[in-house]
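The block underneath contains the structure these notes are about, expressed in structure tokens.
The numbers here are math on the coordinates, done by the rules we state, and not lab data. Predicted model only: the values in this text are computed from it and were never measured. Using ideal geometry, Cβ is built from the backbone for each residue, glycine included, and neighbour counts are taken over all protein chains shown.
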């Protein structure tokens, strides 16, 4: 599925993608797949210390450096990376766990650290059953909003919506957004921004 998104990018954009950050990498499976499938150097960041330790131990060097320099424990609201550190940012099933009042900071950090492209899959449904109720916290998806809502936040920060997977959102409950930094490209994208 990931290679399909990348292959769908205009060639002048796809050619620029040499580094990736996986936002909410968990134990690093997706980071490893980005390295294997796309052949680009990939870093991961997650708030869970246990997941980051597992990623370092199991996934190895996905970024071309020592494994402990490929995976970081940090909040997505305060990323430990330099400005424009990555060509592409990817995230799946993570942004919905951010509180609505923190979404502007999340978008700001992604914008600060990612130069060209963001590919995001965000759940648009509440998550109670089997998870939140067992932990006594209720809905684990703190921000349950559709792709239009998310697009507005990214557009306000200077991103252009290249593609929105409306059919995936309607059938499976996930907003899928492919975004381009407007200041990096003069591409028409969709009409959402």
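With both labels modelled 7 Å from their Cα along Cα-to-Cβ, the residue 66 to residue 50 distance reads 2.6 nm.
Counting 0.36 nm for each residue step from residue 183 to residue 148 and taking away their Cα separation leaves a gain of 10.5 nm. Beta bridges per DSSP, both residues in the range 2-181: antiparallel share near 40 percent. Dividing the C-alpha radius of gyration of the range 2-181 by 2.2 N^0.38 Å, with N its residue count, gives 0.99.
Taking the number of other C-beta atoms within 10 Å as the exposure measure, put 70, 155, 63 in order starting with the fewest. Ordered by Cβ neighbours within 10 Å, fewest first: 155, 63, 70. Taking each residue as 0.36 nm, the span from residue 75 to residue 15 lengthens on full extension beyond its C-alpha to C-alpha distance by 18.6 nm. Here the label points at residue 36 and residue 84, each 7 Å from Cα along the C-beta direction, are separated by 3.3 nm in the simple model.
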